[in-house]
Amino acid sequence: MKSQRVLKSAQDIFAGMYRSYSTAIIQKMRPDEHNLSTKERNYTEHWQLVGTEHRLLVIALGVQHESKRDLWAGRIEDVNPSGEFDDHGRPLYRIGVDRFQFIGIHDRRLVSDAEFYGNGGGGGSRVIAYNVAAKKQPTSKGNHGAKSMSAPPPGEMDLRHRWVRLHHEIFRDRVWAHWGGRCAVTDHKCGGHLVASHILPWKVANPTQKTDIDNGLLLTPPLDFLFDRGYISFANDGSMLRNPMPQGMAELFALKSNDPRIRHPGKLTPGMRSYLARHREHHGFPFD
């Protein structure tokens, strides 16, 4: 039987193992058969796309006219298209978490929605809660604008939060295996210093494309740099195409070969050729 911990506010979500999270998406849901089933399988679906800054998902299960809601939390791990669309034709997504864990109940007889969420009235079925304790306090300055003495001195290390590409290691391992651990162009292992480069750039790819093995080439870091920035691309037969580069860049990045190309074009799947066509279009290469 789960513990009946009563949460006094949305801030209580950020206690214990979730104290380092800065935000939580809280979705109020009916405890019907579908929602209970997806909770048990650690996902929820038919959502609009959530921002990458949100890493904690909380579902508040309860019937509108009843007083209590059970709250379950999980760390977001997957965001994939569900194949469904909303009334405006926009795609909906399935959000997967590591594991939904029961964190307590919200008893509305004790604390109203407005008090619990701190947003003046509950604000519909979805609420973003901000962890007040995790917010960075502004740095105090002296009369001359000097940094606070609490700031680390030059040359020291400080903790910074940064964006990470979820499940990139899975994509990298698949691309690595497909190309046999060798650069697709040089056919060298390069001591393992190779990059699983997205053909269709990450910033314009949808969640499925970002982890699609067909969307990857294994390249040396210099070739990845040129490919990612659109200085080079590849035709369907594997031959290298070039856009204008700053003077000396070709030599600097070791493009001295008279015929740089993908050495094993047979490894280019139909899906990869399709992605390469989009890469050429995205970076302004002439049409085939």
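Every number in this text was worked out from the coordinates using simple rules, so none of it is lab data. Worth saying up front: this structure is predicted, and the values here are computed from it rather than measured. Heads up, the Cβs are rebuilt from the backbone with ideal geometry, glycines too, and the neighbour counts pull from every protein chain shown.
Some observations on this one:
- Residues whose amide H falls under 5 Å from that of Val79, counting only those 5 or more places apart or on a different chain, are Gly96, with hydrogens built in the peptide plane.
- Residue-wise HN-Hα coupling along the range 272-286, computed from phi with Karplus coefficients 6.51, -1.76, 1.60 (Hz; x: Gly, Pro): 5, 5, 5, 5, 4, 4, 6, 5, 4, 5, 4, 9, x, 6, x
- Annotation: the residues Phe85, Phe234, Phe100, sorted from fewest to most other C-beta atoms within 10 Å of their own C-beta, follow the order Phe85, Phe100, Phe234.
- For Met29, the residues 5 or more places off, or on other chains, whose built amide H falls under 5 Å of its own are Ala60, Leu61, Gly62.
- Over 21 Å between alpha carbons, listed pairs Lys39/Lys203; Lys39/Lys210; Lys39/Lys68; Lys210/Lys267; Lys28/Lys210: Lys39/Lys203; Lys39/Lys210; Lys28/Lys210
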